[in-house]
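Heads up, the thing below is written out as structure tokens.
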Amino acid sequence: MEALRVWMASSNLLGFAASRATKAAPAARPLRLHVRSCSRAAATTKPPSPPPQDRRRRSASSSSSTSDRESIRAIRLKKVEELRGKGYEPYAYKWDRTHTTKELQDGYTHLENGEVCADVVVSIAGRIVARRAFGKLVFMTVRDDTGTIQLYCEKDSLTEEQFEQLKAFIDIGDIIGANGSIKKTEKGELSVYVKNFEILTKSLLPLPDKYHGLTDVDKRYRQRYVDMIANPEVADVFRTRAKVVSEIRKTMESFGFIEVETPVLQGTAGGAEARPFITHHNSLQRDLYLRIATELHLKRMLVGGLEKVYEIGRIFRNEGISTRHNPEFTTIEMYEAYSDYESMMNLAEEIVTRCAMATHGKLRVHYQGTEISLERPWRRETMHSLVKEATGIDFNSFGEDVESAKNAARALLGIKTESSENISLQACSSVGHVLNEVFETVVESSLVQPTFVLDYPVEISPLAKPHRRYAGLTERFELFICGREIGNAFSELTDPIDQVEVLEFISTISPVSFENSVF
């Protein structure tokens, strides 16, 4: 049985996972592929507090900003009242548009500077993001979800009332509809030569500063719609994500997988170690849990006879929060019978490379200044080998001598006795846990190019099948790209007797409870 599981954070990272497993399937092995939404440091470490004088300055600035916003809001509310008093509705029901800004930009690039297409009438709609007035001329830049275009508003082409309305009532941030002909200005700017316009939505608050944009990280994540207005390129992330999800569906269907939906509210918080959110069902008079994984119900689908299933769904983990981790996020988890972790690696490569081609059209992409090659095959290396390569320490040589392994790790990492790192290391109950601690600290960040890290210690992989050749290891891999975990998968433990024995053994050396993970 094989499982491949992946996590997607809703703000930015796409995680995916596939799992090939079924108790009813002979020789089936599970493989799970994870995407870590954040490192432990990112989830638990808070940024240092600014000195008191900085807090006072920031507080004063914030107070001033709030006052300014309220003043602007009051002015714009007065404009709304005046518009209605003149018989205009500043919040329209509908606007019929004939073109998007991109269609106009693509269709009329051939015009010469100063040329006007007087016989063409177009209608567009969008948000005003820039405005400049020069006597009898007003220029505005309008943005829709395809791009921007300039509105060329001349007093002689509008009624007196409309031109005064244009100057007195329209602000940056308003959404307007406009129609007219097409004109390329003498400076070469393609424009809609406005003959008529209508305020479709009057904005009551100002947009973020044009030149500085929206830079507050907290606000960018909490108010993504404002971030998209201030930083239009952010919308491309959402478009790319949609393409990726679509391509994953196409890929899974091409391999014969069936997409299913499983319960979000569950009676048992099973499938992972995370702390769940709890809610109360009034009719049943019992507490239920928001799922922390789609695992258990997908496995039951295999037991019922479906051999290839997957689900794209929201899951919830009541834990830390940071810019790299959100308690509510999307996962893609797949299960396939009669397969092991070797074939899951091939599937993971297939999914990622197809998504790269669908979104970028190539397998060499740049991420934060680094070129990433997704060309297959990707590197495959064991955890032991990678740690030895990076540190020179062979953790196989320690056998079951945990203290010697800890001492070697302390010396390697320069950990002091009183440090928090030493407390974390001291909590390691086996050589496998120490190995994993060193791997996460030293090796993970160096795995920039796609790398499958293979054969994890059994102590940290209780639900993975024992390695068929090496004692003490399991058939599990994690996929790393750019120093971050993209997926986790393993040949799933299908022997129920073996599973109980492993879980009982783990419970004797680790404080973590796996009782809800039993299926």
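So the values come out like this:
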item: Inter-site label distance for THR370 and ARG69 at 7 Å from Cα along Cβ, in nm; result: 3.6
item: Cross-link reach list, aspartates and glutamates versus LYS250, counting only Cα pairs under 16 Å and skipping chain neighbours closer than eight places; result: GLU259, GLU311, GLU333, GLU349, GLU350
item: Per residue accessible area in Å² of the stretch 290-344, where ligands, DNA and RNA are left out and the probe is 1.4 Å; result: 35
item: Per-residue HN-Hα couplings for the stretch 482-487 [Karplus 6.51, -1.76, 1.60; θ = phi - 60°; Hz; x = Gly/Pro]; result: 6, x, 10, 6, 9, x
item: Residue pairs, from the table LYS187/LYS362; LYS136/LYS202; LYS78/LYS184; LYS78/LYS187; LYS102/LYS195; LYS78/LYS155, whose Cα atoms sit over 29 Å apart; result: LYS187/LYS362; LYS78/LYS184; LYS78/LYS187
item: ILE182 long-range amide H proximity, modeled H, under 5 Å; result: CYS117, VAL120, TYR193
item: For the stretch 101-167: rounded, prolate or oblate by the Cα gyration tensor [a/c cutoff 1.5]; result: oblate
item: Per-pair calculated FRET efficiency, R0 = 45 Å: LYS86 and LYS250 via Cβ, rounded to 0.05; result: 0.25
item: Relative contact order (%) - the stretch 369-518, alpha-carbon pairs under 8 angstrom, separation at least six; result: 21
item: Accessible area expressed per residue, the stretch 101-201, with surrounding protein chains retained (probe 1.4 Å, Å²); result: 45
item: FRET efficiency for ASP106 and ARG300, using Cβ-Cβ distance with R0 set to 45 Å, rounded to 0.05; result: 0.30
item: 10 Å binning of all Cα-Cα separations within the stretch 221-306, expressed as whole percents from 0 upward; result: 14, 25, 29, 26, 6, 0
item: Hydrodynamic radius by Kirkwood, which averages 1/r over all alpha carbon pairs of the stretch 369-518, in angstrom; result: 16.4
item: 16 Å Cα-Cα reach of LYS167 towards aspartates and glutamates, excluding residues that sit fewer than 8 places from it in its own chain; result: GLU82, GLU154, ASP156, GLU198
item: Two-site FRET efficiency, ALA390 against PHE505, from Cβ-Cβ distance with R₀ of 35 Å, rounded to 0.05; result: 0.75
item: Pairwise centroid distance, computed over Cα atoms, of the stretch 235-275 with the stretch 465-504, Å; result: 22
item: HN-Hα J in Hz across the stretch 120-132 - Karplus 6.51, -1.76, 1.60, θ = phi - 60°, x for Gly and Pro; result: 9, 10, 10, 9, 10, 8, x, 8, 6, 10, 7, 8, 9
item: Carbon and sulfur %, accessible surface of the stretch 101-201 computed with the full protein complex present, 1.4 Å; result: 48
item: Accessible area expressed per residue, the stretch 222-271, with surrounding protein chains retained (probe 1.4 Å, Å²); result: 55
item: Whole-number percent relative contact order across the stretch 251-343, with pairs defined as alpha carbons under 8 Å at least 6 apart; result: 27
item: Stretchable slack from ASN282 to ARG379, in nm (0.36 nm times residue separation minus alpha-carbon distance); result: 29.7 nm
item: Sequence-distant residues sharing a close amide H with THR382 (under 5 Å, placed H); result: LEU454
item: For peptides 109-120, 186-197, sequence by mean Cβ density within 10 Å, most packed first; result: 186-197, 109-120
item: Loop-located trypsin sites (Lys or Arg not before Pro) in the stretch 395-447 whose Cβ has at most 11 other Cβ within 10 Å (DSSP); result: LYS416
item: Amide hydrogen neighbours beyond the local backbone of ASN318, cut-off 5 Å, H modeled; result: ARG275, PHE277
item: Loop-resident sites, the stretch 196-291, for trypsin sites (Lys or Arg not before Pro), counting at most 16 other Cβ within 10 Å (DSSP); result: LYS210
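The values are calculated or read from the model by the stated rules, or taken from the named source; none is laboratory data. Since we're looking at a predicted model, the values are computed, not measured. Cβ atoms come from the backbone with ideal geometry, glycine included; neighbour counts cover every protein chain shown. Accessible surface areas use protein heavy atoms only, side chains included; no ligands, DNA or RNA. Shrake-Rupley method; radii C 1.70, N 1.55, O 1.52, S 1.80 Å.
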